[in-house]
Amino acid sequence: MAALLIFGGGGHGKVVATIAAEAGSWDRIAFVDDRHAALERVADWEVLSGFDGAADYLKEFTHFFVAVGDNALRLKLLNRYREQGHRAATLVHGSAWVSASATFGAGTLIGPQAAVHTDARLGLGCIVNTAATVDHDCVLEDGVHLSPGVHLAGEVKVGRETSIGIGSAVCNRIDIGHHVIIGAGSAVIESVPDGVTATGVPARILKQT
């Protein structure tokens, strides 16, 4: 029996559970969430415990998925339970298009109407959200989050635990560093160093994060 335990019952968790349920691959779906004392269910799915109790429940589940928006925490939990021998699921919505030559690591989500093109390489725990596109030869390191409607042109590199805000666009052959925040609706036409927040059209660095 295939069973999926989802870490995090917020909005992203609901999206993850819905995608998993629509895939029809799971006989059981449930959550762990630190609000479990007040949160008995998330939509149609039960909440079993907080994160601290996950180790006990993982024995009952074939796979887990970390549906946490915080990039660093998502990777921390993903790596912790993978190192303990548990299997992280990778989820691709049925309406997404993914090239046969693209690769992506465990714990990654490819959302509805998203596209991942030829020879793109995505690391662990990435989120390619609704209608986001990743063009040819892009590289997304571990823990990257592309918000809905983000578009990466070809050969873009995005560093570890970077978030790109909703509706942003990145020109071809741009390098975006680690731990960067790109604000919503930005146009990134120049490379961005590590650890900054940048926003605007064109995107300009506002501050060190």
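The values are calculated or read from the model by the stated rules, or taken from the named source; none is laboratory data. A quick note: this is a predicted structure, and the numbers were derived from the prediction, not measured. Backbone-built Cβ (ideal geometry, glycine too); neighbour counts: all protein chains shown.
Restricting attention to segment 119-149, the residues that are on the phi > 0 side of the Ramachandran plot and surrounded by fewer than 24 Cβ atoms within 10 Å (Cβ to Cβ) total 4.
Annotation note: Cβ proximity below 9 Å between a residue of segment 121-148 that is closer than 15 Å to W97 by Cβ and charged (D, E, K, R) and a residue that is at pLDDT 95 or above and buried (at least 21 other Cβ atoms within 10 Å of the Cβ) (sequence gap 6+ or interchain) occurs for D135/V116; D135/A120; D135/L152; D135/V156. Among the residues of segment 93-113, those identified as assigned to a strand (DSSP E or B) and within 18 Å of E141 (Cα to Cα) are V98, T103, F104, L109, I110.
Being in contact with a strand residue (DSSP E or B) (Cβ under 6 Å, 6 or more places away or on another chain) and either outside any loop (DSSP other than H, G, I, E, B) or within 16 Å of T90 (Cβ to Cβ) (or both) is a description that applies to V47. When restricted to residues that are small (G, A, S) and closer than 17 Å to L140 by Cβ, segment 172-185 contains 1. For segment 72-89, does any single residue satisfy the condition of being free of Cβ contacts under 8 Å to residues at least 24 places away in the same chain, over 21 Å from R35 (Cα atoms) and either assigned to a loop (DSSP other than H, G, I, E, B) or among the β-branched types (V, I, T) (or both)? So far as segment 72-89 goes, yes, one or more of its residues are free of Cβ contacts under 8 Å to residues at least 24 places away in the same chain, over 21 Å from R35 (Cα atoms) and either assigned to a loop (DSSP other than H, G, I, E, B) or among the β-branched types (V, I, T) (or both).
Considering A100, A96, the condition of being in the same structural domain as D137 (by TED's automatic domain parsing) and surrounded by 15 or more Cβ atoms within 10 Å (Cβ to Cβ) is satisfied by A96 alone. Does at least one position in segment 32-40 carry a residue that is on the phi > 0 side of the Ramachandran plot and either assigned to a loop (DSSP other than H, G, I, E, B) or touching a residue at least 40 places away in the same chain (Cβ under 8 Å) (or both)? No, segment 32-40 contains no residue that is on the phi > 0 side of the Ramachandran plot and either assigned to a loop (DSSP other than H, G, I, E, B) or touching a residue at least 40 places away in the same chain (Cβ under 8 Å) (or both). Against the numbered list (1) surrounded by 19 or more Cβ atoms within 10 Å (Cβ to Cβ); (2) over 17 Å from A21 (Cα atoms); (3) of a type outside the set (V, I, T); (4) more than 11 Å from the chain's Cα centre (by Cα), A38 comes up short only at (1). The single condition among (1) hydroxyl-bearing (S, T, Y); (2) over 23 Å from A106 (Cβ atoms); (3) out of contact with any strand residue (DSSP E or B) (no Cβ under 7 Å at 6 or more places or on another chain) that T130 does not meet is (2).
Would you be able to say whether some residue in segment 117-132 is out of contact with any Phe, Trp or Tyr (no Cβ under 7 Å at 6 or more places or on another chain), of a type outside the set (S, T, N, Q), under 16 Å from H12 (Cα atoms) and not in a loop (DSSP other than H, G, I, E, B)? Yes; the residues of segment 117-132 include at least one that is out of contact with any Phe, Trp or Tyr (no Cβ under 7 Å at 6 or more places or on another chain), of a type outside the set (S, T, N, Q), under 16 Å from H12 (Cα atoms) and not in a loop (DSSP other than H, G, I, E, B). Within segment 182-192, does at least one residue satisfy the condition of being outside the structural domain of L77 (by TED's automatic domain parsing), within 15 Å of the chain's Cα centre (by Cα) and either farther than 23 Å from K207 by Cα or in a strand (DSSP E or B) (or both)? No, because not a single residue in segment 182-192 is outside the structural domain of L77 (by TED's automatic domain parsing), within 15 Å of the chain's Cα centre (by Cα) and either farther than 23 Å from K207 by Cα or in a strand (DSSP E or B) (or both). Counting the residues of segment 43-54 that are modelled with pLDDT under 90 and of a type in the set (A, V, I, L, M) gives 1. Just one of the listed residues (F65, F61, F31) is within 17 Å of T108 (Cα to Cα), modelled with pLDDT of 95 or more, among the aromatic types (F, W, Y) and touching a strand residue (DSSP E or B) at 6+ places or on another chain (Cβ under 7 Å), namely F65.
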